[in-house]
Amino acid sequence: MGAAVFFGCTFVAFGPALSLFILTIARDPLRVIILVAGSFFWLVSVLLSSLIWFVSVQISNKNDSSLQYGLLIFGAAVSVLLQEVFRYAYYRLLKKADEGLATISEDGRSPISIQQMAYVSGFSFGIISGVFSVINILADAVGPGIVGVHGDSQYYFLTSAFLTMAIVFLHTFWGIVFFAACEKKQPLHIVGVVLSHLVTSGLTFLNPWYEASLIPIYIITLGMGIWAFLAAGGNYHNIRKCLTCAQ
């Protein structure tokens with residue numbers, strides 16, 4: 001039973017992401033490099049936010065439970081802000097790299113577009129974020145033990161897997177919208193990305209009331225997906241071509 005829960009939740013959390021990786025990234029070495037570098041940027045941002053949270057806990061009253069809960073919320077907010085700061089730093093780095101690639105290419109054009117960079121960058125943030133958020137949960141899913149034996153929710157592992165899948169897609173969409181906003185100099189769109197990220201992070205504090213967290217997060221995911229589609233230049237004609245397999 002433990003193995004079935006482990007593999008089932010793993011495929012729910014990372015199955016769509018694995019398909020996207022195989023179909024859109026794995027065959028292109030440049031995209032793989034961008035993916036790995038983006039994961040490193042996310043890791044550095046989380047390392048800094050963890051350090052800030054750790055120091056704040058150490059200098060505070062550890063016996064004050066309400067204060068410690070507030071510091072946890074503070075740490076989550078700092079983590080979100082630092083992730084977005086590093087997203088911008090990665091955007092600047094990729095822009096410089098794009099100019100260099102265009103310079104050395106034979107036709108003077110970069111082999112990868114900024115939209116593709118945005119997609120791979122956001123995907124890298126999502127994958128590494130999803131791995132860090134669910135890896136310990138999946139390890140516990142193997143057992144021993146029975147979920148809900150003390151009255152807790154029996155859907156803990158499954159909801160965690162669906163939440164991880166949403167986070168992967170959200171980071172991908174945030175990356176696309178963020179890069180497009182930087183390219184078009186639309187600061188309000190950047191603020192929108194940061195706010196939606198903060199709201200998503202805040203909703204997780206409603207757990208284990210999963211209906212109140214998971215449903216709004218998926219609504220945000222759907223909205224960000226539509227926004228990302230439009231930000232990347234998508235329109236009705238693109239959808240029609242896709243559905244009809246037109247050239």
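What base-10 log of the normalised intensity I(q)/I(0) is obtained for the range 26-103 from the Debye formula, alpha carbons as equal point scatterers, at q = 0.11 Å⁻¹?
-0.43
Which helices count as membrane-span-like in the chain under these terms: full DSSP H, at least 27 Å along the axis by C-alpha, Kyte-Doolittle mean of 1.6 or more?
2-24, 29-58
Take the alpha carbon atoms of the range 133-213, find their radius of gyration, then divide it by 2.2 N^0.38 Å using N residues; give the quotient.
1.42
In what sequence, highest mean first, do 230-237, 124-131, 218-225, 69-76 appear when ranked by Cβ atoms within 10 angstrom?
Averaged packing, sorted descending, gives the order 124-131, 218-225, 69-76, 230-237.
Over the Cα atoms of the range 1-69, each weighted equally, I'd like the Debye log10 I(q)/I(0) at q = 0.12, 0.15, 0.23, 0.28 Å⁻¹, rounded to two decimals.
-0.64, -0.80, -0.95, -1.11
For residue 218 and residue 98 in the same chain, what is the full-extension length gain: residue separation times 0.36 nm, less their Cα-Cα distance, in nm?
39.9 nm
For a quick protection proxy, order the peptides 34-47, 156-169 by their average other-Cβ count within 10 Å, most packed first.
Ranked from most to least packed, the peptides come out as 156-169, 34-47.
Which percent of the accessible area of the chain is formed by carbon and sulfur heavy atoms (probe 1.4 angstrom)?
Result for the chain: 71 percent of the exposed heavy-atom area is carbon or sulfur.
Contour minus end-to-end for residue 209 and residue 65, with contour as 0.36 nm per residue of separation and end-to-end as the Cα-Cα distance?
Using 0.36 nm per residue and subtracting the Cα-Cα distance, I get 49.8 nm.
Cα atoms only: what Rg and Dmax, in Å, come out for the chain?
Rg and Dmax of the chain, Cα atoms, are 19.7, 66 Å.
With a point put 7 Å past each Cα toward its Cβ, work out how far residue 81 is from residue 4 in nm, to one decimal.
Label at residue 81, label at residue 4, 4.7 nm between them.
Pop the C-beta distance of residue 109 and residue 27 into the FRET formula with R0 = 22 Å and round what comes out to the nearest 0.05.
0.65
Using a 1.4 Å probe, what is the accessible area per residue for the range 71-222, in Å²?
51 Å²
How far is it, in nm, from the label point at residue 139 to the one at residue 185 when both lie 7 Å from their Cα along the line to the Cβ?
Taking the simple label geometry, residue 139 and residue 185 are separated by 4.8 nm.
So how many Lys-Lys pairs in the chain land under 23 Å Cα to Cα, not counting same-chain pairs under 8 apart?
For the chain, the number of qualifying lysine pairs is 4.
The values are calculated or read from the model by the stated rules, or taken from the named source; none is laboratory data. All values derive from a computational prediction rather than experimental measurement. A quick note on method: Cβ atoms are made from the backbone with ideal geometry, for glycine too, and the neighbour counts reach across all protein chains shown. Each accessible area value is taken on the protein alone, full model and side chains, heavy atoms only, with ligands, DNA and RNA left out. Shrake-Rupley method; radii C 1.70, N 1.55, O 1.52, S 1.80 Å.
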